[in-house]
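The values are calculated or read from the model by the stated rules, or taken from the named source; none is laboratory data. Owing to the predicted nature of the structure, the values given are computational and were not obtained by experimental measurement. All Cβ positions, even for glycine, are placed from backbone atoms using ideal geometry, and neighbour counts span all protein chains on display.
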């Protein structure tokens with residue numbers, strides 16, 4: 001174990017935009033909590049108005065100190081999912097880690113989107129790669145969509161191919177894989193939260209819905225609703241992390257009502273940003289991660305954090 005006095009696990013990716021980091025971070029956090037660990041999730045807090053100084057979003061004992069728009073949407077969503085976890089945002093992750101360990105007694109720190117943060121050593125480096133386009137064009141921004149060149153794959157201990165159609169390693173990344181453990185996952189949308197109760201999406205098949213999202217890939221969310229058999233009468237997509245003004249939210253509601261929608265749906269990440277007065281009017285889709293071998297992944301993490 002790296003000599004931080006706390007187990008450190010990083011979850012990140014190479015491609016700019018969404019790669020499922022947050023739901024994978026939540027999956028790992030939940031499993032660590034089940035094992036009796038005191039978990040801290042360390043996030044940059046991108047787009048949070050509270051800024052990039054060290055800020056405690058949740059103390060792990062039910063105390064939520066910042067809400068959107070002050071808190072960024074993703075760390076706030078993680079804090080809401082796991083009140084037992086300490087959630088800290090800030091640019092200097094080593095300071096966040098020290099605070100989580102020394103003040104809140106964290107035994108495991110998970111760096112959400114930590115792959116490019118090389119200042120902080122970690123026990124486990126988990127890299128998420130899209131199964132269909134793992135290295136996109138192969139070039140970093142501004143010439144492509146990568147955060148760094150593909151040889152950065154070599155830094156990883158564990159690779160999870162996301163949105164996987166099968167368990168085959170894509171040909172264009174085989175040359176970068178040597179010692180890493182390989183897993184395959186899929187993002188699934190089986191549940192919808194309606195007035196704080198989860199129901200299976202299949203139960204509302206055929207319902208006329210109005211929906212919106214402000215995520216990295218709005219088309220994926222739209223297609224999810226269509227594939228679930230919902231009748232999407234109106235859909236609006238916005239830039240990732242957008243915070244909608246009340247007049248925009250009212251516009252969505254008006255469009256939906258005019259088109260006969262009986263249910264208004266968004267993503268969980270967008271739901272937590274809604275003003276409290278609007279939350280009872282919207283439902284949200286719950287994101288779950290299915291892994292081809294979750295027990296194998298957990299054993300690998302346990303092994304690497306105990307070395």
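Laid out as a table, the results:
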{"quantity": "Listing of strands (runs of 3 or more DSSP E) fully contained in the range 66-176 that carry 3 or more residues being touching a strand residue (DSSP E or B) at 6+ places or on another chain (Cβ under 9 Å), modelled with pLDDT of 95 or more and on the phi > 0 side of the Ramachandran plot", "calculated": "none"}
{"quantity": "Which numbered condition residue 5 misses (of (1) farther than 26 Å from residue 134 by Cα; (2) surrounded by 21 or more Cβ atoms within 10 Å (Cβ to Cβ); (3) touching a helix residue (DSSP H, G or I) at 6+ places or on another chain (Cβ under 8 Å))", "calculated": "(2)"}
{"quantity": "Exclusive hit being modelled with pLDDT of 95 or more, closer than 25 Å to residue 298 by Cα and outside any helix (DSSP H, G or I), set 33, 41", "calculated": "41"}
{"quantity": "Unique match (being outside the structural domain of residue 276 (by TED's automatic domain parsing), buried (at least 16 other Cβ atoms within 10 Å of the Cβ) and touching a residue at least 40 places away in the same chain (Cβ under 8 Å)) among 17, 12", "calculated": "12"}
{"quantity": "Any chance residue 102 is loosely packed, with under 13 Cβ neighbours inside 10 Å, in the same structural domain as residue 64 (by TED's automatic domain parsing), out of contact with any helix residue (DSSP H, G or I) (no Cβ under 9 Å at 6 or more places or on another chain) and more than 29 Å from residue 50 (Cβ to Cβ)", "calculated": "no"}
{"quantity": "Failed criterion for residue 175 (all others in (1) in contact with a helix residue (DSSP H, G or I) (Cβ under 6 Å, 6 or more places away or on another chain); (2) closer than 29 Å to residue 151 by Cβ; (3) free of Cβ contacts under 8 Å to residues at least 60 places away in the same chain hold)", "calculated": "(1)"}
{"quantity": "Test: residue 72 is buried (at least 16 other Cβ atoms within 10 Å of the Cβ) and farther than 20 Å from residue 269 by Cβ", "calculated": "no"}
{"quantity": "All positions within the range 269-285 that are within 19 Å of residue 78 (Cβ to Cβ) and in contact with a helix residue (DSSP H, G or I) (Cβ under 6 Å, 6 or more places away or on another chain)", "calculated": "269, 272, 273, 284"}
{"quantity": "Failed item, numbered, when residue 67 is tested on (1) more than 20 Å from the chain's Cα centre (by Cα); (2) closer than 20 Å to residue 26 by Cβ; (3) free of Cβ contacts under 8 Å to residues at least 12 places away in the same chain", "calculated": "(1)"}
